[in-house]
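Colleague: What follows is a single structure, and I will ask about it in a moment.
The values are calculated or read from the model by the stated rules, or taken from the named source; none is laboratory data. What you see is a predicted model; the values in this text were computed from it and never measured. Note: ideal-geometry Cβ built from the backbone for every residue, glycine included; neighbour counts use all protein chains shown. Keep in mind that these areas ignore ligands, DNA and RNA; they rest on the heavy atoms of the full protein, side chains included. Shrake-Rupley method; radii C 1.70, N 1.55, O 1.52, S 1.80 Å.
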Amino acid sequence: MGRRMLRETFALAAASVTLLFGSPAVGAAQHALPEADMTAGATAVCGHTTSQPELRIGATGAPTLEAQCELNLATKTSAHTPISVDGAFGPATEGRVKVFQRCAGLTADGAIGPLTWAALNTWAAEPRTCTPRGTATAPQAAVCGHTDARPTLRRGVDGVEVKEAQCRLNLAMEPGRHTPLVIDGDFGGGTENRVVQFQLCAGLGADGVVGPETWAELEGWSGRNAYCTPPRPGGYPVDGVDTSTYQHPGGAPIDWEALRASGVEFATVKATRGLDVTDPYLATDLEAARLAGLAVAPYHFYTAATGATGPAQADHFIAAARATGYTGGRPGDLPPVLDLERMDDGTGRCPPYASVADVTDWLDRVETAFGRQPIIYTQRSFLDDCMGSTTAFSSYALQLADYRHSIAQPPLPNGSTTWLMWQFTASALYDGIRAPVNADVFNGTRADLDRLANR
């Protein structure tokens, strides 16, 4: 399970289901295009109708249903409880239209004209956050407006009942973690996978079937201003993140001050890959994170396309890290990290020329350069499958990746007795980062982290 590959897909071991991650756009929509261009691509995001007439107080029918549903998808990310999708444009709908218009940078007149329709289509399909945030109110029973029928649904069926389930799944699951489903009424593999994800999150049996219990949970989660999100491991109070270029969609910066204010206390920042790749955000992110008060470490992604490259990869990493001012000994500096995992080309294969000796050469060279024993990021399965269940690294501190919700801690490699950091998800959302991010917990106290970071 790799940092790079898992930005987009990973195998969820507990259910053998593919999860897809999107990078939601964040911030106000742009509305500088002529009105004709803005309305040319009318879409039925909620599956009711592509008809988009001007709507205001008193309007009824399918366009109002579509608008109400899209308003729910577009504003729930800003903590607004969904409004009732009943096809009647009343004061509650008008009020939510004004909220959305302010978010989208439009004139807040409460009427849905071409510009508001265009913005709604965009924000409903790719939800994003804005201020002001809503306040919690009672859950709403009718939030999608397709049907009140609740038959058992499984792969292969179609119809309005499937549209209702797809819409509710989009409202129930955080869009930053889960790309919204197309609401087309076709219960295919994508819908089945999303049902499994929701069931795991809601503590249900993960069979991919929408039965009475799943319907009940869907109605609850989709009707209030909270998302069903995977649980954070309990018992570990110190939080961290792992960042790279993937946390800079469209070149967006990371607000490290906001990230620190949200409770994140340490970060591993991608420095280099292989023999010649340096992450373009290394220089800014590593120092900015340290200055914001986080404990920080640079990490190197080990490759082995040819043999005996460990020393050269170490030299590449050492030079890039030193160029940022990292010494390993400043207040805030964590030990350097070696990212030791399967190939990041989507195949999941072992690096063809990886060897214990070559990895050891990297570790020894970097330890000599910085005077600190590196941390190893890996998984037991990688060391078992790709390095013969070696115990050669049992004395190293470990950052272990395992995203299963069913475990209390990650499985230890052969010979190791403890772990230092647990990367428990590839899809956390934090203020200050405009894309999902790998999140970790630290196996110790804040005082332990301070000691490790020379503080």
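Colleague: Out of the residues in segment 202-249 that are in contact with a Cys (Cβ under 7 Å, 6 or more places away or on another chain) and in contact (Cβ under 8 Å) with a residue 40 or more places away in the chain, state the one that is farthest from residue 141 (Cα to Cα).
Modeller: Filtering first and then ranking leaves 230.
Colleague: Out of all the residues in segment 408-419, which are hydrophobic (A, V, I, L, M, F, W, C) and open to solvent by 40 Å² or more (accessible area, probe 1.4 Å)?
Modeller: Correct list: 408, 412.
Colleague: Output the number of residues of segment 95-108 satisfying the condition of being among the hydrophobic types (A, V, I, L, M, F, W, C) and free of Cβ contacts under 8 Å to residues at least 40 places away in the same chain.
Modeller: 4
Colleague: If you don't mind, another one. Only one residue in 218, 259 is within 17 Å of the chain's Cα centre (by Cα) and not polar (S, T, N, Q). Which one?
Modeller: Going through 218, 259 in turn, the sole match is 259.
Colleague: Suppose we filter 369, 392, 401, 357 for residues that are buried (at least 22 other Cβ atoms within 10 Å of the Cβ), at pLDDT 95 or above and touching a Gly at 6+ places or on another chain (Cβ under 9 Å); which single one remains?
Modeller: One residue alone meets the criteria, 401.
Colleague: Could you list all residues from segment 202-226 that are at pLDDT below 90, buried (at least 16 other Cβ atoms within 10 Å of the Cβ) and farther than 21 Å from residue 80 by Cα?
Modeller: Passing the criteria: 204, 206.
Colleague: Condition check: open to solvent by less than 10 Å² (accessible area, probe 1.4 Å), at positive phi, of a type outside the set (Lys, Arg) and over 20 Å from the mean Cα position of the chain (by Cα). Does residue 274 satisfy that?
Modeller: yes
Colleague: Same structure, new question: Filter segment 152-196 down to the residues that are of a type in the set (Gly, Ala, Ser) and in a loop (DSSP other than H, G, I, E, B), then identify the one that is nearest to residue 434 (Cα to Cα).
Modeller: Per the criteria, the residue is 176.
Colleague: Name the residue, out of 119, 125, 111, that is touching a residue at least 40 places away in the same chain (Cβ under 8 Å) and open to solvent by 20 Å² or more (accessible area, probe 1.4 Å).
Modeller: 125
Colleague: Looking at (1) part of a loop (DSSP other than H, G, I, E, B); (2) of a type in the set (Ser, Thr, Tyr); (3) open to solvent by less than 40 Å² (accessible area, probe 1.4 Å); (4) under 24 Å from residue 450 (Cβ atoms), which one does residue 377 not meet, given that it meets all the others?
Modeller: With (1) part of a loop (DSSP other than H, G, I, E, B); (2) of a type in the set (Ser, Thr, Tyr); (3) open to solvent by less than 40 Å² (accessible area, probe 1.4 Å); (4) under 24 Å from residue 450 (Cβ atoms) applied to residue 377, the lone miss is (1).
Colleague: What pairs come out if I take residues in segment 340-362 that are in contact (Cβ under 8 Å) with a residue 60 or more places away in the chain and pair them with residues that are assigned to a helix (DSSP H, G or I) and aromatic (Phe, Trp, Tyr) whose C-beta lies under 7 Å away, six or more apart or interchain?
Modeller: Qualifying pairs under 7 Å: 341/382; 342/382.
Colleague: Specify the residue that is modelled with the highest pLDDT; the eligible residues are those in segment 183-201 that are closer than 15 Å to residue 154 by Cα and aliphatic (A, V, I, L, M).
Modeller: In this case the residue turns out to be 195.
Colleague: Another question, then. Taking segment 41-82 only, how many residues are assigned to a helix (DSSP H, G or I), buried (at least 18 other Cβ atoms within 10 Å of the Cβ) and not β-branched (Val, Ile, Thr)?
Modeller: Going through segment 41-82 one residue at a time, the tally reaches 13.
Colleague: In segment 158-182, which residue that is out of contact with any helix residue (DSSP H, G or I) (no Cβ under 8 Å at 6 or more places or on another chain) and at pLDDT 95 or above is most open to solvent (accessible area, probe 1.4 Å)?
Modeller: Per the criteria, the residue is 158.
Colleague: Further, regarding this structure: From 312, 283, 304, 258, which residue is buried (at least 20 other Cβ atoms within 10 Å of the Cβ) and either part of a strand (DSSP E or B) or on the phi < 0 side of the Ramachandran plot (or both)?
Modeller: That would be 304, the only listed residue that is buried (at least 20 other Cβ atoms within 10 Å of the Cβ) and either part of a strand (DSSP E or B) or on the phi < 0 side of the Ramachandran plot (or both).
Colleague: Can you find a residue that is more than 26 Å from the chain's Cα centre (by Cα) and crowded, with 22+ Cβ neighbours inside 10 Å anywhere in segment 134-147?
Modeller: yes
Colleague: With respect to the numbered conditions (1) under 23 Å from residue 412 (Cβ atoms); (2) in contact (Cβ under 8 Å) with a residue 12 or more places away in the chain; (3) outside any loop (DSSP other than H, G, I, E, B); (4) out of contact with any Leu (no Cβ under 7 Å at 6 or more places or on another chain), which one is the sole condition not fulfilled by residue 321?
Modeller: (1)
Colleague: Quick one: which of 106, 120 is aliphatic (A, V, I, L, M), touching a helix residue (DSSP H, G or I) at 6+ places or on another chain (Cβ under 7 Å) and assigned to a loop (DSSP other than H, G, I, E, B)?
Modeller: 106
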